[in-house]
Amino acid sequence: MWAYLGEEIVARSISLAVALFIFWLLLSGIYTPLIITLGAVSSAFVAWIAHRMDVADHEGFPIHLGWNAVTYWPWLLWEIVKANIDVARVILKKDMALSPTLVRIPASQKTELGQVTFANSITLTPGTVAISVGDGMIDVHALTAEAADELITGRMDRRACKMEGTEPPIAAGDAA
């Protein structure tokens, strides 16, 4: 167990140093060998200080999400685009068929980071706002009943579970 924890701490420190160095390179704009070396040393020093101060924790710097996060963010971006189109359609209709709905949906994620990511994903999607998160549930205000129904299906919940690396709940239509 201790060996695994040590490897995770080292991996987190190295990935923090690399992320800081890349950020530093993007901001500096000067790419001489001396400046690049100073940037690498500075990034490693800051990562070491962060490790010593114990501020680069598991959820604060979630390298464990890895590939799952890389596949989740493009999916979420596509959901945001689709929701933008839906909201524009509702607003541009003559009758403006709004049906504000308040729903409570389950958040199946096992960590606070997972639940916050799920709630933020709901809020980022136009037409829905996460009002409160707690006890494994999220209260959501939706602009239309269709937007609320989409959340009730649990598709976004399952994707957020997969992103955090936990087993998503079985969808109603998937049970055999």
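Just checking, does the range 64-72 include any residue being more than 23 Å from Glu164 (Cβ to Cβ), exposed (fewer than 11 other Cβ atoms within 10 Å of the Cβ) and modelled with pLDDT under 90?
No.
Within the range 93-111, which residues are among the hydrophobic types (A, V, I, L, M, F, W, C) and at pLDDT below 90?
Matches in the range 93-111: Met96, Ala97, Leu98.
Of all the residues in the range 78-122, those that are hydroxyl-bearing (Ser, Thr, Tyr), assigned to a helix (DSSP H, G or I) and loosely packed, with under 13 Cβ neighbours inside 10 Å number 0.
Val55 falls short on exactly one of the conditions (1) at pLDDT below 95; (2) among the β-branched types (Val, Ile, Thr); (3) in a helix (DSSP H, G or I); (4) loosely packed, with under 15 Cβ neighbours inside 10 Å, and that condition is (3).
Filtered by the rule that a residue be without any contact (Cβ under 8 Å) to a residue 24 or more places away in the chain and buried (at least 20 other Cβ atoms within 10 Å of the Cβ), the range 123-167 gives Ala130, Glu150.
The values are calculated or read from the model by the stated rules, or taken from the named source; none is laboratory data. No experiment lies behind these values; they were computed from the predicted model shown. Backbone-built Cβ (ideal geometry, glycine too); neighbour counts: all protein chains shown.
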